[in-house]
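Asks: A single structure is presented below for examination.
The values are calculated or read from the model by the stated rules, or taken from the named source; none is laboratory data. The structure displayed is predicted, hence computed values, not measured ones. Note that we place each Cβ from the backbone using ideal geometry, even for glycine, and neighbour counts take in every protein chain shown. Ligands, DNA and RNA are stripped out before the accessible areas are found, and what is left, the full protein with its side chains, is counted by its heavy atoms. Shrake-Rupley method; radii C 1.70, N 1.55, O 1.52, S 1.80 Å.
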Amino acid sequence: AGRLDPTGLGIAVARVNVFNYVGFVLGAVIAGAVASDLWIAYAVGAALTLVILGAARGFDPAPLARVGPDTPAAERPAA
């Protein structure tokens with residue numbers, strides 16, 4: 001995520017970390033709720049995988065026209 005961030009501000013890394021924390025908290029709740037039946041646990045896991053695949057495009061940062069990969073961080077515009 002850090003290498004894909006064109007602004008160098010850490011926005012992509014921050015987005016990934018938010019989802020890490022949410023997954024950590026909600027993962028325990030969901031695992032406890034579906035632990036009674038393995039079929040339900042696998043179905044929930046499959047459904048969440050599809051949600052993640054659908055939401056993955058939201059992590060793609062919008063490219064800035066005048067910023068290239070070799071542009072120093074000091075010369076990059078603030079987002």
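Asks: Condition check: surrounded by 12 or more Cβ atoms within 10 Å (Cβ to Cβ) and at pLDDT 75 or above. Does G23 satisfy that? Outline the logic, then answer.
Replies: On the way: surrounded by 12 or more Cβ atoms within 10 Å (Cβ to Cβ): yes; at pLDDT 75 or above: yes.
For G23, the condition - surrounded by 12 or more Cβ atoms within 10 Å (Cβ to Cβ) and at pLDDT 75 or above - is met.
Asks: Another question about this same structure. I52 is checked against (1) in a helix (DSSP H, G or I); (2) open to solvent by 90 Å² or more (accessible area, probe 1.4 Å); (3) modelled with pLDDT under 80 and fails just one. What number does that condition carry?
Replies: For I52, the exception is condition (3).
Asks: OK, next. Does any residue in the range 31-47 that is at pLDDT 80 or above come within less than 7 Å, Cβ to Cβ, of a residue that is open to solvent by less than 80 Å² (accessible area, probe 1.4 Å) six or more places away or on a different chain, and which pairs are these?
Replies: These pairs meet every condition: I40/V34; V44/I30; V44/V34.
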